[in-house]
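This report refers to the structure that appears directly beneath it.
Every read-out reported here was derived from the displayed coordinates using simple, explicitly stated rules and does not represent laboratory data. Worth saying up front: this structure is predicted, and the values here are computed from it rather than measured. Cβ atoms come from the backbone with ideal geometry, glycine included; neighbour counts cover every protein chain shown.
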Amino acid sequence: ELVANRLHFLSRRADEPFIKINCAALPENLLESELFGFDRGAFTGALRSKPGKFEQAGKGTIFLDEIGEMSLPLQSKILQVLQDKVCTRLGGVKEVGVQCRILAATNRNLEEEIQKGFFRSDLYFRLNVVNIYVPALDKRKDDIPLLVEHFLQIYNKRYGRRRKISRKIIDELLSRSWPGNVRELENWVRRFVILGSGSAWQNIEAQSDAGTASRLSPRETSHLQEIDLLLAQNKPLPLRKMVKKIVAAEERAYLLQVLERVNYNKKKASRLLQVSYKTFLSKLKDCGIEKVSMKERHGF
């Protein structure tokens with residue numbers, strides 16, 4: 001994902017949308033409607049038309065993460081888009097031009113998947129114009145300090161913090177295995193920024209033991225960690241203060257995510273959130289994100 005992000009924002013398409021979709025996270029029917037969109041009445045509950053990701057991407061980039069998990073029928077439709085440069089919404093007849101660049105990633109060996117009959121060879125060769133191999137994090141541990149600093153900058157800005165990571169903690173991170181690769185490291189840095197080193201480290205210990213924390217969502221885990229930290233310090237757990245802190249951090253992160261999705265067009269973001277432009281600007285000011293720099297936009 002980091003590679004795809006950089007390829008987009010360092011290219012001539014940087015001012016156009018960058019849209020990521022995780023092919024493994026959605027069931028087939030929902031993934032199809034997300035990619036291609038649908039017309040009103042296409043299925044039960046389709047009360048109004050919705051453009052798909054290919055349309056929303058415009059002349060930007062669409063990143064298909066975990067494409068190796070995509071079903072064969074849907075692979076055929078993606079191949080058709082690549083060949084014809086058009087797509088059709090579900091329930092529709094009008095063809096829509098596709099001008100975006102398509103990037104794809106997988107942790108599977110697609111050549112082996114082809115032999116097993118799980119992946120189309122023609123789609124593989126269509127996608128495999130430029131192949132970038134990214135080794136597992138355990139095989140490139142020299143990258144860990146750079147990645148930590150990168151994520152530290154992003155989440156310090158997102159949550160309005162000034163956290164720093166000591167050399168001792170970096171050494172500890174280097175000694176760890178990272179089965180979840182960069183995403184796992186990113187989540188650890190995010191928890192560190194929100195909660196501090198003690199709680200973030202408690203979580204990584206719990207995960208290494210395959211404990212309860214590894215089965216919880218990142219948000220649930222973070223909340224439990226903060227409770228554990230306060231208890232360990234023999235401090236009270238004021239409900240209103242905890243809720244206010246969590247809501248403020250999540251609200252700031254959500255506003256930044258919305259701005260990112262609309263290419264930092266504040267008027268478009270206010271319409272999307274169904275609030276007046278004046279109210280939206282006031283909310284940005286309250287969250288300390290009145291001015292979003294290019295560096296904060298793209299994380300570099």
Under 26 Å Cα to Cα from LYS164, which lysines show up? Leave out anything in the same chain fewer than 8 places away.
LYS139, LYS141, LYS235, LYS241, LYS244, LYS245, LYS285, LYS291, LYS295
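Applying a 10 Å radius around every beta-carbon, put 249-256, 153-160, 106-113, 188-195 in order of their mean neighbour count, most first.
Ranking the peptides 249-256, 153-160, 106-113, 188-195 by packing returns 188-195, 153-160, 249-256, 106-113.
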Sum up the charges of everything whose Cβ sits under 12 Å from the Cβ of ARG101, counting Lys and Arg as +1 and Asp and Glu as -1, but leave ARG101 out.
+3
Once you list every other residue whose beta carbon is under 14 Å from the beta carbon of GLU1, what net charge do they have if Lys and Arg are +1 and Asp and Glu are -1?
-2
Could you work out how far the C-alpha centroid of the range 10-44 sits from that of the range 87-117, in angstrom?
11 Å
Along Cα→Cβ, 7 Å out, is where each label goes; now give me the distance between the ones at ARG261 and VAL96 in nm to one decimal.
1.5 nm
Is there a quick way to get the dipole size of the range 2-127? I mean about its Cα centre, with the Cβ of Lys and Arg at +1 and of Asp and Glu at -1; what is the value in debye to the nearest 20?
440 debye
Per residue of the range 139-147, in order, report the coupling 6.51 cos²θ - 1.76 cosθ + 1.60 (Karplus, θ = phi - 60°) as ³J(HN,Hα) in whole Hz, putting x for Gly and Pro.
9, 9, 5, 4, 7, 4, x, 5, 5
Could you tell me whether the range 2-127 comes out rounded, prolate or oblate from its Cα gyration tensor? Rule is a ≥ b ≥ c as square roots of the eigenvalues, rounded for a/c under 1.5, then prolate if a/b exceeds b/c, otherwise oblate.
oblate
Peptides ranked, highest mean first, by Cβ atoms within 10 Å: ranges 62-75, 130-143
62-75, 130-143
With θ set to phi - 60° and the Karplus curve 6.51 cos²θ - 1.76 cosθ + 1.60, what are the ³J(HN,Hα) couplings of the range 189-194 in order, to the nearest whole Hz, using x for Gly and Pro?
5, 4, 5, 4, 5, 6
Using a cut-off of 9 Å between beta-carbons, work out the net charge of the residues near LEU74 (Lys and Arg +1, Asp and Glu -1, LEU74 not included).
-1
Full-extension gain in nm, LYS268 to LYS85, via 0.36 nm per residue minus C-alpha separation:
63.2 nm
Distance in nm between label sites at ALA136 and LYS278, each 7 Å beyond Cα in the beta-carbon direction?
5.8 nm
Just to check I understand the Karplus step: with θ = phi - 60° and J = 6.51 cos²θ - 1.76 cosθ + 1.60, what whole-Hz values come out for the range 115-131, glycine and proline as x?
4, 7, x, 9, 9, 6, 5, 5, 5, 4, 6, 5, 7, 7, 7, 10, 10
